[in-house]
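Chemist: Here's a structure for you.
The values are calculated or read from the model by the stated rules, or taken from the named source; none is laboratory data. Not measured: the values here are computed from a predicted model. Positions of Cβ are backbone-derived with ideal geometry, glycine not excepted, and every protein chain shown enters the neighbour counts.
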Ligand SMILES: [Zn+2]
């Protein structure tokens, strides 16, 4: 084992590294200047996020009235939290998407509905329907948690 000490590195060809000037590329966007600009323009990430959210077109967008605030249920166990968010976004393991992703041969629900979407499961499926609907799931009511626990699908 070779021990390297001192100011000479094996790749420096025996030259000293102590007085070597390092040529760095000059930053085109120095963080200090960026910070000054943000302060001068009174940048507010919450305000920007609200504007972006208002312009966006996402499923169940109306559930979120304050996009800069946390939604309910963040302290729930992960599996419940995940399922609630999948219902909020309409992007869960429902028949429709499993069929789309080629994991199922059909998008149909076992109740007879041709297309088993997340909205169908929560709001209109005669076997599973949650009376408070997607809104109740979003608000994480006590009944919503009970419904999630009893739900026979792994969304
Ligand atoms: Zn159904």
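Chemist: Only residues that are more than 10 Å from the ligand (Cβ to nearest atom) and farther than 21 Å from residue 63 by Cβ: list them for the stretch 115-155, please.
Modeler: 149, 150, 152, 154
Chemist: Do the conditions hold for residue 96, that is, is it assigned by the TED database to the domain that holds residue 129 and either farther than 30 Å from residue 147 by Cα or more than 14 Å from the chain's Cα centre (by Cα) (or both)? Quick ask: steps written out before the conclusion?
Modeler: Values: assigned by the TED database to the domain that holds residue 129: yes; either farther than 30 Å from residue 147 by Cα or more than 14 Å from the chain's Cα centre (by Cα) (or both): yes.
Yes, satisfied.
Chemist: Pairs only if they're at least six apart or on different chains, beta carbon under 9 angstrom, first in the stretch 111-136 and within 9 Å of residue 147 (Cβ to Cβ) and assigned by the TED database to the domain that holds residue 96, second within 10 Å of the ligand (Cβ to nearest atom) and in a loop (DSSP other than H, G, I, E, B); list them, first residue then second.
Modeler: The qualifying pairs are 122/128; 122/129; 128/109; 128/111; 128/153.
Chemist: Would you check if there is a residue in the stretch 98-113 being within 20 Å of residue 76 (Cβ to Cβ) and either within 16 Å of the ligand (Cβ to nearest atom) or at pLDDT below 95 (or both)? Give the derivation first.
Modeler: Taking the stretch 98-113 as the starting set, the residues that turn out to be within 20 Å of residue 76 (Cβ to Cβ) are none.
No; the residues of the stretch 98-113 include none that is within 20 Å of residue 76 (Cβ to Cβ) and either within 16 Å of the ligand (Cβ to nearest atom) or at pLDDT below 95 (or both).
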